[in-house]
Structures are given as structure tokens and as C-alpha cells.
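Here's the structure we're looking at; comments come further down.
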Amino acid sequence: MTPEELDAAISKAADYLKVARRVAVLTGAGVSAESGIPTFRASDGLWEGHRIEDVASPDGFYRDPKLVWQFYGGRRANVATAKPNPGHLALVALEDRWGEDFTLVTQNVDGLHQDAGSRRVLEIHGSLRRTLCLKCDEVQDRGLGPLGDAPECHCGGRLRPDIVWFGEGLPVDIWEEAQIKASECDVLLVVGTSAVVHPAASLIPIARQTRTPGAKVIEVNMTRTEASALADVGLYGPSGQVLPRLVKRLGA
Ligand code: BV8
Ligand code: ZN
């Protein structure tokens, strides 16, 4: 995308937003890339030689819980030193403008949206900061400090990350609300996701097809993705630079 094309696309996206009553956002790992958090696809789906689907799965956990806790321990340590980037902050500015007519649905488990100040966040894939007890079902916010590779609950039960693994259902209420907000919005901003993971990616057709006229879809990414065909406008550049420019163009 040339700078002129990007500038024109930002103006078009701003025009969609200016007349939008309700705005929803779907973010993926790309929005945290400029905070130093590696994305999934960039690692070719591998982590230290393990397929992510193997370590981020119930069978993977039951087969080798220590390995899975080492995987998540590494990611928790990485996030512990990460800071929100201007892209996260731009999404806070959008929330400030639309208030309760704004919803941020994230596939990310790093909590950086909340660190940036986002309040209306639906974490559809769980969080690195929470643990779930396999015995008493207690969910605890444990922050990002080290938990070792076999943490236990006060009840003696084994803990797992409170994260939605491949093959697991999404938290029912949160997913229900995400679908409703996607179906009701006038604009859906799709930021930093390859849109290959389901059912998260289905929020895009839901936004476009549930009502008539459907929502306008704005894609913010480094490259075209599975979602591009459903986007009314694509802003191809780093979200940490593109989103602040979009917010500025809105203000103008
Ligand atoms: C379920 C937590 C059933 C783990 C995650 C075949 C076809 C279709 C679907 C399936 C299939 N086989 C299996 C499935 C289902 C599967 C699925 O979708 N698999 C995919 C891989 C094909 N889905 C599931 O298993 C889901 N559950 O279906 O269960 C069920 C139903 C009911 C009841 C019981 C069971 C569960 C899916 C959730 C899995 N958990 N996360 C963890 O994080 O450790 S998903 C994982 O991928 C992360 O959450 C991540 O967010 C997510 C999606 O990836 P992205 O965020 O998009 O990241 P990615 O690297 O892919 O892309 C980054 C993008 O950013 C790129 O486009 C890049 O260009 C861009 N970018 C980079 N830098 C920047 C940038 N953009 C802007 N600026 C930048 N600077
Ligand atoms: Zn317990």
C-alpha cells in the first residue's frame, strides 16, 4: 500500500466511523506485536519445536503438564515485561468516544488492552493471568509472576491456565455477548488477526450479515488475510501507527 493509498483508506475508514452509532473491535496477536509479543503465525505455529496446537490443547496438558506450564510460564514472563503500544491506546480513545456503544473483543490472552485502560473487553480465549483449578474449579487472578511448572491450588488440586485451548469451547456468556455486539454494531474494526481461528473469526460475517445493512468492516493488518474479502476497507500497516492516525482523523 503506498502512503497515499493508506492515507485515503484511513479517511474512508474515518468516514465510516463518524456515522457509526455502535462500534465493535476484534483484535488478535498482531495488535500486541509492537509490544514485543510474538504472534502465532510468525512462529510458524511452533514453540521450541512443539506445535502450538499440541501445547495449547487439553491432550497436550494431560500428556505433559510440566511442558505446557513451561510454555505458558515463558509467555507470562514475556508479557510481564511488555507495555501496551500506541495501538492499544488508540482503542482506549475509541472506547472513550463511544462509551457503552463500544465493545472490544479480543483473542489475546496477554491482558495488554486492560493495561492500556480498555474497560469494555471480552476475552474470548481466556487470560495468561488467571489459573483454573481442575479439582475445585476456582478461577484465580495470579498476575504474571512465576508459578513454576506444577502449580497447585490451596485445595491441593492441580492448576491449569484459564485459557481456551484448541478443541475447547469458548466461555459461554462472553462468547454469547461477543456475537450480540458483533451483530449489533455499525462498524467492526478487525485488528491484527489472521482470522483463521474459529469461532472467533465468525464475528466478521456475523457483523456483516445479521442486519441489513450489515456493519462496515475495517481491517487493520500488515498484510491481507482470510478476513480481507469481507472488509469494506483495509488499512495495511502496523496497527501501532495506523490506529493512532485513524483516531486523529476522526477527531478532525
Ligand atoms: C473449538 C489460546 C469446539 C491459546 C487460542 C479446521 C477448520 C476450521 C476450524 C478448525 C479446524 N480444525 C480445528 C478447528 C477449530 C479450531 C481452529 O479454529 N483451528 C484453527 C487453527 C484452524 N478452533 C478451536 O479449537 C476453538 N474451539 O472449536 O472447540 C468446541 C465447541 C463447543 C464446545 C466444545 C468444543 C478454540 C480456539 C481457541 C484456541 N486458543 N488461544 C493461547 O493463546 O495459548 S487461539 C490462538 O490463535 C490465540 O488466541 C490467537 O490470538 C489466535 C488467533 O491467532 P491471531 O490472533 O490471529 O494471531 P496470528 O499470529 O494468527 O495472526 C497475527 C496477525 O497479525 C497476522 O495477520 C499478522 O499479519 C498481523 N500482524 C502482525 N504484526 C502486526 C499485525 N497487524 C497489525 N500490526 C502489526 N504490527
Ligand atoms: Zn482447587
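The values are calculated or read from the model by the stated rules, or taken from the named source; none is laboratory data. Quantities reported herein were computed from a predicted structural model and do not represent experimental measurements. Backbone-built Cβ (ideal geometry, glycine too); neighbour counts: all protein chains shown.
Scanning region 121-167 for residues that are small (Gly, Ala, Ser), without any contact (Cβ under 8 Å) to a residue 40 or more places away in the chain and farther than 23 Å from THR106 by Cα turns up GLY156, GLY157.
Name the strands (runs of 3 or more DSSP E) wholly inside region 142-229 in which the number of residues that are within 16 Å of ligand 2 (Cβ to nearest atom) is 2 or more. First the steps, then the outcome.
Working: elements: 159-163, 187-191, 216-221.
Once the strands (runs of 3 or more DSSP E) in region 142-229 are filtered for at least 2 residues that are within 16 Å of ligand 2 (Cβ to nearest atom), what remains is 159-163.
From the list ALA178, ALA116, the one residue that fits, being in contact with a His (Cβ under 9 Å, 6 or more places away or on another chain) and either among the charged types (D, E, K, R) or under 27 Å from ALA33 (Cβ atoms) (or both), is ALA116. Scanning region 176-216 for residues that are closer than 17 Å to TRP98 by Cβ and surrounded by 22 or more Cβ atoms within 10 Å (Cβ to Cβ) returns ALA178, LYS181, ALA182, CYS185, VAL187, LEU188, LEU189, VAL190, VAL191, ALA207, ALA215, LYS216.
If I ask for residues that are without any contact (Cβ under 8 Å) to a residue 24 or more places away in the chain and within 13 Å of LEU159 (Cα to Cα), which ones from region 54-63 would you list? Within region 54-63, TYR62 is the sole residue that qualifies.
Does VAL105 satisfy the condition of being in the same structural domain as GLU219 (by TED's automatic domain parsing) and under 28 Å from THR223 (Cα atoms)? The answer is yes for VAL105. Residues that are within 27 Å of ARG21 (Cα to Cα), near ligand 1 (Cβ under 10 Å from one of its atoms) and touching a helix residue (DSSP H, G or I) at 6+ places or on another chain (Cβ under 6 Å) do occur in region 123-144, at least one of them.
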